[in-house]
Amino acid sequence: MNREQHLTKITTRKKPWDVLIVGGGASGLGAAVDAASRGYRTLLLEKHDFAKGTSSRSTKLVHGGVRYLQNGDVSLVIEALKERGIMRKNAPHLVQDLSFVIPSYDWWNSPFYGIGLKIYDMMAGNLGLGPSTLLDRAETIDLIPNVKKKGLRGGVIYHDGQFDDARMAISLAQTAENHGASLLNYFSVIGMTKENGMINGVEAKDELSGKTYTIEAKVVINATGVFSDEVIQMDQANAKKRIVPSQGVHIVLDKSFLSGPHAIMVPHTSDGRVLFAVPWNDYVVVGTTDTQIETALVEPKAKEEEIQFILDNAGMYMTTPPTRADIKSVFAGLRPLAAPEDDGSATKEISRHHKVLVSTSGLVSILGGKWTTYRKMAEDIINTAQSVGGLPERGCITHNLPVHGYDYNSDWTNPLHVYGVDIDKIIKLDPEGNTSLSKEVHLTKNQVIWAVQEEMAMTVEDVLARRTRVLFLNASESLILAPIVAAIMGKEMGKDKSWIAAQIENYTTLTQNYLIQ
């Protein structure tokens, strides 16, 4: 992906785009893939970087949602389990099977959850990843050696999926481009244009150059997640709020806290949620919380009580309870929950179903949803946009559409596996650029060059937070790497020393949100 080439397409295009998508997260990128693969002339604009917000800050799970089954939301579970199977099939280099163990300390817990998970398996049908099984005490300890042993009676093992959210987002952007879509990061929509009361395009600003553009489109899609209300109000200033932001926080620990390839699922925390401890890139991600937030921020910050909540609840199930000193990184994300009719609902009770809305002036908005169902959300968005924009009727083909990099024989022991079939191209960039720049995380010079040349990385943050996951895995180590990355990028992009210095300063400021003070 080359930003300048995509920008040229905007400035030289004489006809309206078929589909213009605002927002470069899971739903926006999924919609771009769907629209472009149907043959529509598609443009996606993202104010910051692809997956800058919620879509890079998940628990890294592709799952049906055991908790939703507990809440009786059967239709969402069935849909998500189907989509989990499709994601696994279409992106085997990015999605893998992960086994979860639920430790049991009460005699009735294992049979209770065992029955529920058998229903979960049944709903997955032939897209299931493996059967759930009851475990005795010895088997539970064997699978998760670091589990708290006092009072342990047994457990249940079940299977769900795991993925790298930001890498999936970048791969979807590449997939959309492969099918003819144009995409731009750091390109904000600042207003809507209308003719006879109907939206016919947007006013947009290139955040890197400061230039503004008027871009015509047959249909405009609002896929901005927690910021959806802002775009809706560009269209209709007095529109009521449609989004209830909910903050989810995760902490990252050394892999020794899990000591094995299996995840732990705590079925009932002190606030009635579930808690996961998940092995990821030689670290452990633990979360999450569910805190209603009044104002959506681009860089949400974990609250002290959220961090303590995770430490307290995780510690109840681990031989060595984690402390603040053990935290390598902490990150917060905001869920874009579609507002319920009952304003008094707690965020953990609000459905994760998505909604597609069309305003009287033709703005198509996608609200709610979750990463696992991104493809189905995109299908619903484009089906609606097809009608609103008067586009030729074409069916969705993404059920069987390989995601960029598709590699059925992907070696997950290779830290570069997320690049799929592009691995060899990365290795060949510079024969001396394949040694990791760090002992704590895997990051090579060639990965940085690739991010700039092929993945539209424009800043040090883009590389360390989303093209690679260094910031999310080990924030303090990322600070050490930032000057090295800035220098490599500066040389590759033809930037001067002042750009490099500014990048290091900006990144250092950003990282404070991910460090435990």
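None of the figures in this text is laboratory data; all of them are computed from the coordinates on show. These numbers come from a predicted model, not from an experiment. Note that each Cβ is placed from the backbone with ideal geometry, even for glycine, and that neighbours are counted across all protein chains shown.
If you sort the three axes of the alpha carbon gyration tensor as a ≥ b ≥ c, you get a/c of 1.5 or more for region 363-517 and a/b above b/c, which makes it prolate. Per-residue Karplus couplings for region 318-327, computed as 6.51 cos²θ - 1.76 cosθ + 1.60 with θ equal to phi - 60°, are listed in order as 10, 4, 10, x, x, 10, 4, 5, 8, 6 Hz, Gly and Pro entered as x. Spherically averaged projected area of the convex hull of Cα atoms, region 192-349: 13.1 nm². Measuring spread by the Cα atoms of region 204-255 yields a radius of gyration and Dmax of 16.8, 50 Å. Full extension of the chain between residue 122 and residue 2 gives 38.7 nm of extra length, using 0.36 nm per residue less the Cα-Cα distance. Placing +1 on the Cβ of each Lys and Arg and -1 on the Cβ of each Asp and Glu in the chain, which of 507, 307, 453 has its Cα farthest towards the positive end of the resulting dipole? Positive-end residue among those listed: 453. State which stretch of the chain is the longest one without any exposed GluC sites (Glu not before Pro), exposure meaning a DSSP loop state and at most 14 other Cβ atoms within 10 Å. Result for the longest clean stretch: 1-293.
Compute the angle between helix 497-511 and the longest alpha-carbon principal axis of the chain, please, reported from 0 to 90 degrees and rounded to the nearest 10. Rounded to the nearest ten degrees, it is 40. Using Cβ point charges alone (K and R +1, D and E -1), the dipole size of the chain about the Cα centre works out to roughly 420 debye. Give the residues of region 205-245 whose amide nitrogen is closer than 18 Å to a point set 7 Å from the Cα of residue 15 in the direction of its Cβ. In region 205-245, the label zone of residue 15 (backbone N under 18 Å from the point 7 Å along Cα→Cβ) covers 215-220.
Dipole check for region 428-511: with +1 at the C-beta of Lys and Arg, -1 at the C-beta of Asp and Glu, and the Cα centre as origin, the magnitude is about 60 Debye.
Please give the helix 109-124 orientation as an angle from the longest Cα principal axis of the chain, in degrees from 0 to 90, rounded to the nearest 10. The angle comes out at about 40 degrees. Across the chain, the relative contact order, built from alpha-carbon pairs under 8 Å that are at least six residues apart, equals 19 percent. Per-residue Cβ neighbour counts within 10 Å put 411, 229, 34 in the sequence 411, 229, 34, beginning with the fewest. Across region 214-228, computed HN-Hα scalar couplings (Karplus, 6.51 cos²θ - 1.76 cosθ + 1.60, θ = phi - 60°) run 9, 10, 8, 8, 6, 8, 10, 10, 9, 10, 9, x, 5, 9, 4 Hz from first to last residue, x flagging Gly and Pro. Here the extension length gained between residue 236 and residue 196 equals 12.9 nm, from 0.36 nm per residue of separation less the Cα-Cα distance. When volume of the Cα convex hull per residue in Å³ is calculated for this entry, the matching label among [x] 151; [y] 170; [z] 141 is [z].
Please give the Cα centre distance for region 18-55 versus region 195-210, rounded to the nearest Å. Cα centroid to Cα centroid, the span is 16 Å.
Axis angle, to the nearest 10 degrees, between helix 374-388 and the longest C-alpha principal axis of the chain: 30 degrees. Karplus-derived 3J(HN,Hα) values for region 356-366, using 6.51 cos²θ - 1.76 cosθ + 1.60 with θ = phi - 60°, are 10, 10, 10, 7, 5, 9, x, 6, 9, 10, 10 Hz; glycine and proline are entered as x.
The smallest convex shape that holds all Cα atoms of region 424-505, its convex hull, gives 83 Å³ per residue.
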